[in-house]
Structure formats: C-alpha cells, structure tokens
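Inspection log for the structure reproduced underneath, given as structure tokens.
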There are 2 protein chains.
Amino acid sequence: MRGVNGPARATGRFRIALVRASDVAYGQLRQEIIDWVLKPGTLLGEIETAERVGVSRTPIREALTRLAAEGLVTTSGRTAIVAPLSRKHVIELFELREALETQAARLAARRRDPERFATLLAEFRRGPDPGEAVDPRRPYFLSSELDAAIDEAADSQYLRSALEDVRGQMARVRFYSRSNSERLHRATLEHMQIVEAIHSGDELFASQATAVHLRNSLANVLESLPL
Amino acid sequence: MRGVNGPARATGRFRIALVRASDVAYGQLRQEIIDWVLKPGTLLGEIETAERVGVSRTPIREALTRLAAEGLVTTSGRTAIVAPLSRKHVIELFELREALETQAARLAARRRDPERFATLLAEFRRGPDPGEAVDPRRPYFLSSELDAAIDEAADSQYLRSALEDVRGQMARVRFYSRSNSERLHRATLEHMQIVEAIHSGDELFASQATAVHLRNSLANVLESLPL
DNA sequence: AAGAAGCATTATGTATACATTTCGCTTCTA
DNA sequence: TAGAAGCGAAATGTATACATAATGCTTCTT
C-alpha cells in the first residue's frame, strides 16, 4: 500500500484538505465506542484495528493515545481496551460532570450575552408549529444548543475542553440507557430553569439548578442502565 | 541505531521493566516544559526534538500527543508548540481548578477516613523539631501531601485524572511566579483550615475554604507573574 | 525595485521492517 | 493427571524509508 500518504492535496487554487488517517481512525473508533459497536472491555489490538479501519498501525497508535487521554480507552499494561463502564464509573463520571457543569453555568451567568439566552429561552418555550409533527429529537437538539451556549458564554478554554471529554463519555452512557419520555419532559423543564437563571445573571441559582438537573439525570440513568 | 528496542527485559526470575522510549520522551519534555527550559511558544519540531532527546520520531510523536491532551502542548495546524501561558490562560486555568478542587474537597469531606486527616492535621501543626533547621520546602511538601490525601479520600477516578492534568499546568505557573514567604505562611494556614473542614466531615465548608484558598492563590500568582 | 512564480529544502504523515517480549500450546516429567 | 518447561506464533515498541505538502529562497518579469 504505497503512495497513499500525505495529509493534503493542492489542486489548482483550491486546497482540498484530505483528513489525516489518524483523524479518520480517531473519529471512527470514537463513534464506534460511543455507539457500543465496540463494547466496554473490547480489546483493541493494533494490527487487527489497523486492518479493520484500513490504515497502518502508526495512525491507529495515535488515535488510541488520544482516546486514552479522553478516557474512552483504557490502557492496562501493554494492551488497549475500550474503557469499562460500570455503575461506579457512571457515578464518578457524574461527580466530575457536576464539578464542570456547575462551574460552567456559574461563569455563563456571569458573562452571558442576555440576548443570546433570551433567544434560547424563546426556542425552549416554542412548541411545534401548528400542523407540524412533534420531532422526538428536539429535546436532544435543544440540550446541545444549551451546551453550546453555555460553553460560549462561560468563555473558559480549559473548562470547555474538559467538558468536551466528559460529553464524549456521556454520549456513550446515554446511548445505552433507555430514554424515558417522562424523564425527557422533565429534563427539558430543568433545562429551561437553567436557561432562565443564566439569562437573568443569577450565578448561584444557575449552578444550583444545574446541580439539581444532574442529580435527577444520574438517578434516571442509573435506573435505566442495564449494567 | 538497531536493536535498542523492546519494552522490557527478563533476567532470571526478576523482571526489569525497561521504560519505554515514549515514556522517557514524555517525562523529559514534560519536565522541561514545567521548568521553563522549553518556554511557552517554543516550536517542537519532531526531528529536532527526536535528536535532542535521543530517540526516533515515533516515540516523540506519542509523547507530543499525550502532552497535547494534557494541555502542556498546543498543536496549531501541523506544528506542535509549548502551550502559551498568558494571564488569561492562568485565570482560566484557575477557573477549571476551582471547579475540580472544590468538588474534590467536598467529596473528600464526605468519604474521608477521619484518622487520616487527624494525622495530617498533626503534621501541619507540628513545627520543626527543637534545634532542627527550618525546611523551606516543607510547605510544598505538606501541600502535596494534602493533595494526595484529598485524591485518596475523594476516591473519584475521573476527577482525579482531571486534577492531575491541572496540577501539571500549575507546576509550570508556580515555577515562574515568585514565591513570597508571607503568602506561603498564609497558604499554609488556609490549607490547615481545609484539612480541618475535611476532617470534621463538613462538605460545605471544605469546598468554601478551598474556594477561598484558590482565590487568594490566584491573586498572589497574578501579582508575582511577570507576564 | 517590487511582486510573483518556480524550485529546492525540510517537515510532517504514513507505511513498514525488525527486535524483543509475551502468550498459548505442546510436551515432558514426577 | 497435574504442573512445569520449552517452543513457536503473534503482538508491541521502535526505527526508518518514502510520499507529499509547506516553507523559504532565488529568479524572472513588469
């Protein structure tokens, strides 16, 4: 397999940025771990993984290193495995998440652009247009909109990158725990309360409402988690 | 340079674990960054770094990937540089640190072994033995003892690993900001208050005392930081 | 003289070769 | 039959070869 390497290709005046093989490997493995195609504990042999993904061992190694730093892969001795995920792991994940999200909410309340959160609040309050079908994915969309707005408002680089790692883990947890429409509704209400607190610049209540939301969320996850 | 590879060597019934070249590279680069031998913004070319450290590019690449995940190296496009460190970076680092340390203190107060923190408190209270010289490094030693005790008591894996990354960054900041003996004394008093709070199981006060300590610490760092 | 174009050097990204260890299987022995 | 020892296959760790892109310098043109 010669001559397939090189990170980018220039064609005329346009530059077509070919993604690096290590990025492809990282993205694919990450998605497969989140989607439980690769289950917790699965052994990630370099050679086997390289052949499966279709690149050589070098970019696989880099991808595995990155995933290990992100917490999705654990390296026990010489071998890399998909990070285990027990109830204890989930609980500890939420302990980190609580630390990060409450701080992010507090900073967001301190620095937010009120316009931005007024708009977001309107989106939360707006139901489906008349005659339009209810989009079951809308709560998830709104939730990620909120995450993005908080990240932007909090404007704290290190906090943000720590949160990104945690969200990757959360995606994996959420994929496996069954979503409950009753819980989904209540979660949306909790999100609205957080948006309101940030909008009004109430740091304390923003962090408290976030803490409450996370406790409820953890309880729901643990309840619906078949582990 | 052939035949120098291989991760471990078995000799008789003892196994002498040879460290991997990537670990050596990681450790050396990390220390050099923390000690400001490699200053913020320094370009870390793979070839040059490999020759300097004395290994090939492969382990250097892994070390750089790890350092990037840890936040000590920034990768802007294709090139890796030692992570910049402005006042803004320091402030944002403390925003993350506040989130993590207050949570760790809270969890530690919840789960601590009272004996452990009673012992630690005694160590804090004990002055130098009669006739013994005052050890100027003692405050730093006590501080890291406290960190270890909190990590152990909090018993939360993800939180701990996030804290480890932050502490690496902090070591770099601390190395550059001048230590002030007046501040050092007050910091020790603040530490004692944290130990007391955790010892008595007072979660709220443990996190509050930690927050206060971090604010004071940040103020001191910013004051003595020649950036 | 200033700017653009082209070429050479150098760096990164990837693949692969090779040394060594580890792990599993077989076989031998008590 | 159980356990240990030895052998072989496979995997990891490292070095290096090679392809391509980026960078800087020279040169040509207007």
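The values are calculated or read from the model by the stated rules, or taken from the named source; none is laboratory data. Keep in mind that what you see is a predicted model, and the values were worked out from it rather than measured. Every residue, glycine as well, gets a Cβ built from its backbone with ideal geometry; the counts of neighbours run over all protein chains shown.
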*asked:* Here is a list: B:Ala162, B:Ala211. Which entry is surrounded by fewer than 18 Cβ atoms within 10 Å (Cβ to Cβ), within 13 Å of another protein chain (Cβ to nearest Cβ) and modelled with pLDDT of 95 or more?
replied: B:Ala211
*Go through (1) within 12 Å of another protein chain (Cβ to nearest Cβ); (2) of a type outside the set (Ser, Thr, Tyr); (3) away from DNA strand C (no atom under 13 Å from the Cβ) one by one and return the number of the condition B:Ile33 breaks.*
(1)
*Kindly indicate whether A:Pro59 is touching a Gly at 6+ places or on another chain (Cβ under 7 Å) and within 14 Å of chain B (Cβ to nearest Cβ).*
no
*With respect to the numbered conditions (1) within 14 Å of another protein chain (Cβ to nearest Cβ); (2) surrounded by 15 or more Cβ atoms within 10 Å (Cβ to Cβ), which one is the sole condition not fulfilled by A:Phe124?*
(1)
*May I ask you to list pairs of residues, at least six apart or on different chains, whose Cβ atoms are under 6 Å apart, with the first in the stretch B:35-51 being under 17 Å from B:Glu62 (Cβ atoms) and the second being within 16 Å of DNA strand D (Cβ to nearest atom)?*
B:Leu44/B:Ala80; B:Glu46/B:Arg57; B:Glu46/B:Ile60; B:Thr49/B:Ile60; B:Ala50/B:Ser56; B:Ala50/B:Arg57; B:Ala50/B:Ile60
*Just a yes or no: is a residue in the stretch B:129-145 out of contact with any Cys (no Cβ under 8 Å at 6 or more places or on another chain), β-branched (Val, Ile, Thr) and either within 22 Å of B:Val90 (Cβ to Cβ) or touching a residue at least 40 places away in the same chain (Cβ under 8 Å) (or both)?*
no
*Counting only residues that are out of contact with any helix residue (DSSP H, G or I) (no Cβ under 9 Å at 6 or more places or on another chain) and more than 20 Å from A:Val173 (Cα to Cα), which one in the stretch A:53-82 is surrounded by the most Cβ atoms within 10 Å (Cβ to Cβ)?*
A:Thr79
_Checking the condition without any contact (Cβ under 8 Å) to a residue 60 or more places away in the chain, within 17 Å of the chain's Cα centre (by Cα) and in a helix (DSSP H, G or I), which residue from B:Leu159, B:Leu184, B:Leu163, B:Leu214 passes?_
B:Leu159
*Just to be sure, is B:Ala171 within 14 Å of chain A (Cβ to nearest Cβ) and either in contact (Cβ under 8 Å) with a residue 24 or more places away in the chain or in contact with a Pro (Cβ under 9 Å, 6 or more places away or on another chain) (or both)?*
no
*Examine the stretch A:68-89 for a residue that is within 9 Å of chain B (Cβ to nearest Cβ) and touching a Ser or Thr at 6+ places or on another chain (Cβ under 6 Å), and state whether such a residue exists.*
yes
*Run B:Leu43 past the list (1) in contact with a strand residue (DSSP E or B) (Cβ under 7 Å, 6 or more places away or on another chain); (2) of a type outside the set (Gly, Ala, Ser); (3) within 14 Å of another protein chain (Cβ to nearest Cβ) and report the number of the one that doesn't hold.*
(3)
_Matching residues in the stretch B:143-156 - criterion: being closer than 26 Å to A:Arg160 by Cβ, part of a helix (DSSP H, G or I) and within 14 Å of chain A (Cβ to nearest Cβ)_ = B:Ile150, B:Asp151, B:Ala154
*Quick one: count up the residues across the stretch A:52-61 that are within 11 Å of DNA strand D (Cβ to nearest atom) and without any contact (Cβ under 8 Å) to a residue 12 or more places away in the chain.*
1
*Filtered residues of the stretch A:80-132 (kept if closer than 24 Å to A:Asp165 by Cα and aromatic (Phe, Trp, Tyr))*: A:Phe94
*Across the stretch A:93-121, what is the number of residues that are without any contact (Cβ under 8 Å) to a residue 24 or more places away in the chain and more than 14 Å from chain B (Cβ to nearest Cβ)?*
2
